[in-house]
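Any read-out appearing in this document is the output of simple, stated calculations on the displayed coordinates, not a laboratory observation. As the structure is a computational prediction, the values presented were derived from the model and not from experiment. When we count neighbours, we look across all protein chains shown, and the Cβ atoms used for this are built from the backbone with ideal geometry, even at glycine.
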Amino acid sequence: KNPQICKGSLQAPIKTIILVVRDNLTAREEWRMLTMTQIDDIRNAFFFKGLNISEIARKFKVDRKTVRKYVYQENWNVSTDTKAKKLFPKLEPFKEDIDQWLEEDKKARRKQRHTAKRVYDRLCEKYGNKFNCSYRTVAGYVAMKKKEL
């Protein structure tokens with residue numbers, strides 16, 4: 001349909017822009033992962049064809065920051081250098097006692113062994129107000145240790 005233009009005016013017709021919204025993302029904001037082939041094409045366009053980052057972004061319909069990321073990326077290996085996270089750090093002062101009780105339980109009959117509830121109760125009795133951990137924390141640690149033993 002033709003937009004209405006006033007007679008005698010030199011104004012250009014007004015463009016109507018329709019923005020499609022789908023799944024809370026606009027059409028431009030749709031997230032997708034680049035394949036290694038696309039990344040290779042981006043790098044070839046920069047290093048061998050001599051295109052600049054803005055031209056590459058337009059050509060491949062990706063953001064300039066994405067192009068810059070892959071152009072200057074040197075290490076392609078995913079880093080697995082994560083430090084081992086300490087489990088149950090709040091129990092650290094009490095772990096020796098718990099471990100000792102669970103070791104002694106190996107020698108006891110099955111029905112006489114410590115449950116997580118019994119370990120929690122013994123810690124509350126032994127340390128009183130100094131023991132400030134929840135039952136859930138103790139139960140998680142006891143379950144983990146019993147699997148190890």
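Side notes on the structure shown:
- Spin-label model distance (nm) - E74 vs N44, 7 Å beyond Cα toward Cβ: 2.5
- Whole-Å semi-axes of the ellipsoid equivalent to region 81-149 (Cα gyration tensor, √5λ, descending): 20, 17, 10
- Other residues lying with their Cβ under 13 Å from the Cβ of K117 contribute a combined charge of +2, Lys and Arg counting +1, Asp and Glu -1.
- Entries of K65/K85; K85/K107; K85/K111; K86/K147; K106/K130 with Cα pairs more than 26 Å apart: K65/K85; K85/K107; K85/K111; K106/K130
- Taking a Cβ cut-off of under 14 Å around Q73, the surrounding Lys, Arg, Asp and Glu residues balance to a net charge of +2, with basic ones at +1 and acidic ones at -1.
- Rounded FRET efficiency, nearest 0.05, which uses the C-beta distance separating E96 from N129 and R0 of 25 Å: 0.80
- Computed packing ranks the peptides 109-119, 37-47 as 37-47, 109-119, most packed first, by mean other Cβ atoms within 10 Å.
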